[in-house]
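Everything below concerns the one structure shown next.
The values are calculated or read from the model by the stated rules, or taken from the named source; none is laboratory data. Source: prediction; values computed, not measured. Neighbour counts run over all protein chains shown; Cβ positions are idealised from the backbone, glycine included. Areas reflect the complete protein model, heavy atoms only, side chains present, ligands, DNA and RNA absent. Shrake-Rupley method; radii C 1.70, N 1.55, O 1.52, S 1.80 Å.
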Amino acid sequence: MKLAISLTCISALLIVLPGCEMTSTSVTSSLDSQYTLSDIRASIKCDASYQCKVVGIGERLTCGGPREYIIYSTKHTNEQEIEKVVANITRQEKLDNEEKTPAVSCEPVMPVQTLCIANTCQAVPL
């Protein structure tokens, strides 16, 4: 029981792993998508681990690569629609970062793997 609670707590903390340059993204939806970023983050219900997916989102100015990784489930969402939302947010952040100065240091954003545990997609450290 303790192990299950501990795994749930750890995975809840790891669902979103922020990068070294956390920016607040005001873009929450795509003009041609039915999903918002909040919808994607909330879409984590699953029946099996194959429904759990991870996607990198945003742009890190100093290091390149995604700003963070978010977890979602394909049980109630359309992967192509989610890819559109993520691509639009990342494109907007790249445009916003053109005018910014890179930070001196860069801490890595570690990718995550997901599993369906207790009917919820949860992060599992690699």
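In the neighborhood of Cys52, defined by Cβ-to-Cβ distances under 15 Å, what is the net charge if each Lys or Arg adds +1 and each Asp or Glu adds -1?
+2
By how many nm would the segment from Asn78 to Ala42 grow when fully extended, if each residue of separation counts as 0.36 nm and the alpha-carbon distance is taken off?
Roughly 11.6 nm would be gained on extension.
Just the accessible area for Leu115, please: 1.4 Å probe, Å², rounded to the nearest 10?
For Leu115, solvent-accessible area is about 70 Å².
If I take every Cα pair under 8 Å that is 6 or more residues apart in region 45-114, average their sequence separation and divide by the length, what percent do I get for the relative contact order?
40
Kindly identify region 76-117 as rounded, prolate or oblate by the Cα gyration tensor criterion: order the square roots of the eigenvalues as a ≥ b ≥ c, call it rounded if a/c is under 1.5, otherwise compare a/b with b/c, prolate if a/b is larger, else oblate.
It comes out oblate by the Cα gyration axes.
If you take the Cα Rg of region 56-102 and divide it by 2.2 N^0.38 Å, with N the number of residues, what do you get?
In units of the globular-protein estimate, region 56-102 measures up at 1.29.
Give the shape of region 35-126 as rounded, prolate or oblate, defined through the alpha-carbon gyration tensor: a ≥ b ≥ c are the square roots of its eigenvalues, a/c under 1.5 means rounded, and otherwise the shape is prolate if a/b is larger than b/c and oblate if not.
Oblate, because a/c is 1.5 or more while a/b does not exceed b/c.
Could you work out the local net charge near Val112, counting Lys and Arg as +1, Asp and Glu as -1, over the other residues with Cβ closer than 15 Å to its Cβ?
Local net charge: +2.
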